[in-house]
Amino acid sequence: MSNQRKNKKKQILPIIPFIVLGLALVAVVVAIMKFKDDTALAESSELSGVVDASESSSETLTPLTATNDEIYNVDQITADGVEALDASQYADMAAVIEETMADFGVSAEDISLVYTNLQTNETYTVNEDSYMTAASTLKVPLATVIIDAIEAGDMTWESPVTYAYEDYEEGDGTITAAVARGTGQATYTIEELMGESLMHSDNTATNMLIDYYETVYGEGAFRSNIVAEVYDQVGDIDEAIYEDNIASANFLTAYYKLISTNEIYQPILDFLLQTSPDRLFTTYVKSSVMANKYGNYATALNDTGIYYENDEAQYSLVVYTDGLTEGEDFLANLNLRVNEYYRATYGE
């Protein structure tokens with residue numbers, strides 16, 4: 001009996017290396033297959049721009065019940081002959097955005113875009129870390145750090161800011177217009193300046209705010225602090241932002257997430273919900289529900305904002321563009337289509 005066990009053991013021993021080798025080969029094949037799958041998934045994500053598709057079921061969200069007349073500039077939509085979106089024809093928000101880009105001849109390299117479902121954290125991006133001319137959209141970060149200074153006790157809403165000749169800059173807004181007519185005031189309060197900067201994109205008011213802020217915190221503090229505010233959320237910072245008027249869609253999206261989740265920044269949203277005139281994102285979606293800040297300079301045309309319904313931030317959309325031939329129509333229709341698809345998804 002003992003000799004039979006020894007003989008069996010001798011027969012098995014030569015086979016063991018082949019078994020081990022076979023198992024190793026299987027492991028290598030599995031690893032290769034997994035690598036290919038992961039690579040394909042990564043490439044697919046890069047092409048589609050989907051960063052996080054972890055969308056919650058619409059059943060967990062409060063249904064959207066507002067009427068079209070409450071949300072849309074119906075007369076303008078009718079006058080422009082814009083057809084309603086058939087949401088059933090799209091698999092997801094990515095498909096809506098990509099088709100809109102195609103319809104208006106927009107190439108990915110010409111934009112930096114981030115759409116964020118603020119209820120579910122679903123995100124769709126195109127070149128989200130590409131820095132482009134920010135124009136007036138940087139007035140949102142400026143307002144944010146001004147409120148930080150108020151909260152810190154370094155200034156108040158009523159702090160008087162003295163106008164200086166070098167603050168004047170052509171553009172929209174009642175303060176700029178008054179200065180141009182020679183009827184401007186010697187001083188304005190922080191609240192007055194912020195309101196004009198955000199609601200009417202007043203460049204003179206904005207320059208006064210920056211100058212006052214840097215009187216308190218030092219030269220260059222404005223740009224340094226708007227970066228510091230969201231640095232941990234953005235990560236990829238173009239060093240040129242410390243000198244130039246640039247931003248990425250990812251950079252400004254971090255600001256919209258911040259101001260929509262912290263009540264101390266509610267004044268910013270209150271001002272943005274009164275932005276005028278209606279254009280770009282608010283061409284078809286009413287400004288009373290779209291807290292937006294647009295900007296344009298030279299060939300750059302941008303719009304950014306948060307859509308509100310049920311007294312809640314529903315989604316944010318940040319789009320920077322450069323050199324588009326149909327930029328205004330693209331931005332107007334993009335937000336309309338995004339809004340229609342969103343509301344079809346979460347409506348009753």
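The values are calculated or read from the model by the stated rules, or taken from the named source; none is laboratory data. The structure displayed is predicted, hence computed values, not measured ones. Quick reminder, even Gly has a Cβ in these numbers, built from the backbone with ideal geometry, and neighbours come from all protein chains shown. What goes into the accessible areas is simple: the full protein's heavy atoms, side chains included, and nothing from ligands, DNA or RNA. Shrake-Rupley method; radii C 1.70, N 1.55, O 1.52, S 1.80 Å.
A few remarks follow.
- Those helices (runs of 4 or more DSSP H) lying entirely in the stretch 145-219 with at least 3 residues among the β-branched types (Val, Ile, Thr) and in contact with a strand residue (DSSP E or B) (Cβ under 7 Å, 6 or more places away or on another chain): none
- Among the residues of the stretch 309-348, those identified as among the hydroxyl-bearing types (Ser, Thr, Tyr) and open to solvent by 40 Å² or more (accessible area, probe 1.4 Å) are THR325, THR345.
- When each of LEU324, LEU317, LEU336 is tested for being assigned to a strand (DSSP E or B), of a type in the set (A, V, I, L, M, F, W, C) and within 20 Å of VAL126 (Cα to Cα), the lone residue that passes is LEU317.
- Failed item in (1) open to solvent by less than 10 Å² (accessible area, probe 1.4 Å); (2) more than 23 Å from ASP86 (Cα to Cα), with VAL285 passing the rest: (2)
- Cross-chain or 6+ apart pairs with Cβ under 7 Å, the stretch 86-114 first and within 21 Å of ALA344 (Cα to Cα) and open to solvent by less than 60 Å² (accessible area, probe 1.4 Å), then part of a helix (DSSP H, G or I) and of a type in the set (Lys, Arg): VAL96/ARG337; THR100/ARG337
- Of the residues making up the stretch 236-282, those that are part of a helix (DSSP H, G or I), open to solvent by 30 Å² or more (accessible area, probe 1.4 Å) and farther than 17 Å from MET199 by Cβ are GLU239, ALA240, TYR242, ASN250, LYS257, LEU258, SER260, THR261, GLU263, ILE264.
- Tabulated pairs, the stretch 235-247, first of a type in the set (Asp, Glu), second at pLDDT 95 or above, C-beta under 8 angstrom, 6+ apart or interchain: ASP236/ASP129; ASP236/SER248; ASP236/ASN250; ASP238/TYR131; ASP238/ILE246; ASP238/SER248; GLU243/ARG223
- THR137 vs. criteria surrounded by 15 or more Cβ atoms within 10 Å (Cβ to Cβ) and either without any contact (Cβ under 8 Å) to a residue 40 or more places away in the chain or more than 30 Å from MET208 (Cα to Cα) (or both): no
- The set of residues in the stretch 186-234 that are among the hydrophobic types (A, V, I, L, M, F, W, C) and open to solvent by 20 Å² or more (accessible area, probe 1.4 Å) comprises ALA186, MET199, ILE210, VAL216, ALA228.
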